[in-house]
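S.K.: Let me give you the structure first, and then I'll get to my questions.
The values are calculated or read from the model by the stated rules, or taken from the named source; none is laboratory data. Bear in mind the structure is a predicted one, so any value in this text is a computation, not a measurement. Methodologically, a virtual Cβ is constructed for each residue, glycine included, from the backbone with ideal geometry; neighbour enumeration extends over all protein chains shown. The accessibility values were calculated without ligands, DNA or RNA, using every heavy atom of the protein model including side chains. Shrake-Rupley method; radii C 1.70, N 1.55, O 1.52, S 1.80 Å.
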Amino acid sequence: MHAPLLVSWLMVAVCAASGSYCLLRTRVAVGGTRATARGEALMGFGMATMAVPALVWAPARWVWGAYAAVFGLTALRACVAVAARGRSAGHHAHHLVGTLAMVYMSLAMVSFPAGGGGHGAMAGMGAGEVMAPAGMPVVTGVLLLYFAGYVLWAGSRLIPGVGAAPAGGAVAPGGVRGAPDGAHAVPGPAVRFVGRPEVTLACRLSMGMAMLAMLLAF
């Protein structure tokens, strides 16, 4: 697959920014939403690291094995959350698919030689190489269909007048805005950026598009 080096760095920037935003959410979230924010931060930074061009960083196979182990444990936690919530699992089910996709890509990287062109599913792109498929076409295809559908769904939810996400939490007495999505009541400006559900959805949309782009390189 051919692509300029700029694409890889844009992937790194988008995923790192998403991970940083999720870390900010952990400061205002409570209960289960805090754990969700932590998991999404791990996902964002993990994807950012995976997208670093091989010309800059070419990790050994054991690094990808460690990646698979870490995201495998994260997937197990997400699976428990889905089982506990049942039909109301919602985003936990999406997070489970995302972590399983990370495990899949990490294991695929193990099949490449250390420092090979398969790093990060996007790394070889920086060198302008033609990459051989790293994973199983059927699995890759199913994941591509899922994330393409998620991107379309999340994007439609952000269209004014179409999406059902509220604009923000209710304003409490004294000018303190109640944060949505399980956040603490904190001063309005902080919640307007960190706690607004549409910003969180935009962050998830960005990571969904990044995952879609990474899978296209497999």
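S.K.: Please go through segment 149-159 and pick out each residue that is at pLDDT 95 or above and buried (at least 16 other Cβ atoms within 10 Å of the Cβ).
M.R.: Y150, V151
S.K.: Right, here's the next one. Quick check on segment 133-148: of everything there that is farther than 16 Å from G90 by Cα, touching a helix residue (DSSP H, G or I) at 6+ places or on another chain (Cβ under 9 Å) and modelled with pLDDT of 95 or more, which residue is surrounded by the most Cβ atoms within 10 Å (Cβ to Cβ)?
M.R.: Looking at the filtered set, the residue picked out is L143.
S.K.: Take segment 29-48 and flag every residue that is open to solvent by 20 Å² or more (accessible area, probe 1.4 Å) and in contact (Cβ under 8 Å) with a residue 60 or more places away in the chain.
M.R.: Hits for segment 29-48 are V30, G31, G32, T33, R34.
S.K.: Has segment 29-42 got at least one residue that is closer than 27 Å to F218 by Cα and hydrophobic (A, V, I, L, M, F, W, C)?
M.R.: yes
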